[in-house]
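The values are calculated or read from the model by the stated rules, or taken from the named source; none is laboratory data. Owing to the predicted nature of the structure, the values given are computational and were not obtained by experimental measurement. Please note: Cβ atoms are built from the backbone with ideal geometry, for glycine as well, and neighbour counts cover all protein chains shown.
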Number of protein chains: 2
Amino acid sequence: MSAISERRERERAQRHQLIITAARELAEAEGWEAVTTRRLAERVEYSQPVLYSHFHGKDDIMRAVAIEGFGELAARLRRARLTDPASPAALHAVCRAYLEFATEQPALYQAMFMLPTDVKFAHAETPPPLRAAFDEFVSCFQPDNQRRELFAEVTWSALHGIAALTESGRIPPNGQAERLDFLVAQITATPRPGV
Amino acid sequence: MSAISERRERERAQRHQLIITAARELAEAEGWEAVTTRRLAERVEYSQPVLYSHFHGKDDIMRAVAIEGFGELAARLRRARLTDPASPAALHAVCRAYLEFATEQPALYQAMFMLPTDVKFAHAETPPPLRAAFDEFVSCFQPDNQRRELFAEVTWSALHGIAALTESGRIPPNGQAERLDFLVAQITATPRPGV
DNA sequence: CAGTATGTCTAGCACTGCTAGGCTGAGGCC
DNA sequence: GGCCTCAGCCTAGCAGTGCTAGACATACTG
């Protein structure tokens, strides 16, 4: 009984992950509007109700995909920051890594940052990987900087703006490098007094 | 015959606008997911197919709402810029006006900048009001600045990031003034050499 | 071997965007 | 004035959506 239920739980966990992966792949291939419960069920070779024995609904599946993405993003930003930890270079590397992440996996990025969600941000229940990703931005600034969090918040916002407007075709995709260079230069600049 | 068809055309135009306004109000009151063709038809007191004699589909109605918004946004940014045309103050005023616009009319802002659209941005077919809104940002920078467009693009992106992440609850709504002040200070700062 | 519990599926609900086809009433012509 | 035409509108319905109730089968338990 113990071994059997263990095996079942294992299979169940595998299927749980299978659903998440299938949703993610389908979204990446054809966009989130193509991810219907029917198509997803067909892809994992089960009937629709099986999805609902693992998740509360489609939103819940998308949330799971998003959380998976937060972990990957945090790892990627960390790697970028540690590759060149000198102050301005680190920020530049992290920002570039962020934009690359958004460009390479647009559907994943959408689930994380663009589609409606009830994942808590900047809150006690914030998923740790999400907090970790944000902290990578914070760590790019000097520890004695008392406004690091503000710096990080605005940097992240600006990157998200660039990523979101590019992805939806609202700003042209070329010239991304110039935008990145300019953004980092200004964020690390010393503001002229009296403004 | 002429007078009659003129009256008809007038009524038709009125109804066209009525649909746009109803969609906008409904979206603002209950969000875009509540704007269904049935509810919208009920609201304008016609049957569903009438909507399709004015617009190609729901997307087309949302596009019309968005374009209406571009005009209002452009006017608002222009007013803000001209109120205090001195260089850094103008940029600050325009940015604040942009964020206020996004906050006060979240559904309209969504239709303009967040929901999928096929409106052309930075393109020959770009709706003039949209181009005008962007030009308000460009005009905040000195005419001799050869990278004005880049400045404007990044400024706009950063504002959009702040607006989008705030609206979806991904960054907390308080502290918006600090973000605005910081952003404008950095955009107008002189970058330190050699970065 | 009977009974239970678990897991899965079929079928269906209420909704979505959208459209085909019929009806009605007003306009134009003799 | 009376007939015909036609534009405008509506009812009804299609295919698809997320989600669920209830039947069924399979596998474990006493």
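Can you tell me which residue within segment A:162-176, out of those that are among the small types (G, A, S) and facing another protein chain (nearest Cβ under 7 Å), is surrounded by the fewest Cβ atoms within 10 Å (Cβ to Cβ)?
Filtering segment A:162-176 for residues among the small types (G, A, S) gives A:163-164, A:168-169, A:175.
Retained after the next criterion (residues that are facing another protein chain (nearest Cβ under 7 Å)): A:164, A:168-169.
Working: A:A164: 23, A:S168: 19, A:G169: 16.
Among residues in segment A:162-176 that are among the small types (G, A, S) and facing another protein chain (nearest Cβ under 7 Å), the one surrounded by the fewest Cβ atoms within 10 Å (Cβ to Cβ) is A:G169.
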Number of the condition not met by A:E33 [criteria: (1) more than 27 Å from B:A164 (Cα to Cα); (2) within 15 Å of DNA strand D (Cβ to nearest atom); (3) within 14 Å of chain B (Cβ to nearest Cβ)]
(1)
Tell me whether segment A:46-61 contains one or more residues that are within 14 Å of chain B (Cβ to nearest Cβ) and either within 18 Å of A:M112 (Cβ to Cβ) or away from DNA strand C (no atom under 16 Å from the Cβ) (or both).
yes
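Quickly run through segment B:99-131 and pick out the residues that are of a type in the set (S, T, N, Q) and within 21 Å of B:H56 (Cβ to Cβ). Break it down into steps so the answer makes sense when it comes.
Of segment B:99-131, the ones of a type in the set (S, T, N, Q) are B:103, B:105, B:110, B:117, B:126.
Scanning segment B:99-131 gives B:Q110, B:T117, B:T126.
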All-but-one check, A:N174 against (1) in a loop (DSSP other than H, G, I, E, B); (2) under 20 Å from B:L159 (Cβ atoms), failing number (2)
Please give the number of the condition B:R179 fails out of (1) charged (D, E, K, R); (2) more than 7 Å from chain A (Cβ to nearest Cβ); (3) within 19 Å of B:P88 (Cβ to Cβ).
(2)
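Answer yes if at least one residue in segment B:105-116 is within 16 Å of DNA strand C (Cβ to nearest atom) and modelled with pLDDT under 95, and no otherwise. Steps first, please.
Quick first cut of segment B:105-116, residues within 16 Å of DNA strand C (Cβ to nearest atom) only: B:107, B:110-111, B:115-116.
Subsequent filtering for residues that are modelled with pLDDT under 95 retains B:115-116.
Looking through segment B:105-116, at least one residue is within 16 Å of DNA strand C (Cβ to nearest atom) and modelled with pLDDT under 95.
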So B:L165 fits all but one of (1) in a helix (DSSP H, G or I); (2) out of contact with any Ser or Thr (no Cβ under 7 Å at 6 or more places or on another chain); what number is the exception?
(2)
State whether the residues of segment B:68-91 include one that is at pLDDT 95 or above, farther than 30 Å from B:N145 by Cα and either away from DNA strand D (no atom under 16 Å from the Cβ) or in contact with a Phe, Trp or Tyr (Cβ under 7 Å, 6 or more places away or on another chain) (or both).
yes
Only one of A:F141, A:F134, A:F121 is in a helix (DSSP H, G or I) and either over 24 Å from B:T155 (Cβ atoms) or of a type outside the set (K, R) (or both). Can you tell me which?
A:F134
Pairs please, first residue from segment A:79-107 and at negative phi, second anywhere and of a type in the set (D, E) and not in a helix (DSSP H, G or I), Cβ atoms under 7 Å, 6+ apart in sequence or on different chains.
A:A90/A:D84; A:A93/A:D84
In segment A:90-105, which residues are crowded, with 18+ Cβ neighbours inside 10 Å and closer than 20 Å to A:E30 by Cα?
A:F101, A:A102, A:Q105
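Go through A:A158, A:A132 for me and flag whichever is facing chain B (nearest Cβ under 10 Å) and out of contact with any strand residue (DSSP E or B) (no Cβ under 7 Å at 6 or more places or on another chain). Even if it seems obvious, please write down each step before you answer.
On the way: A:A132 fails: facing chain B (nearest Cβ under 10 Å).
Answer to the selection: A:A158.
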So for segment B:72-90 (the condition being closer than 24 Å to B:I171 by Cβ, within 12 Å of chain A (Cβ to nearest Cβ), touching a helix residue (DSSP H, G or I) at 6+ places or on another chain (Cβ under 8 Å) and away from DNA strand C (no atom under 16 Å from the Cβ)), does at least one residue qualify?
no
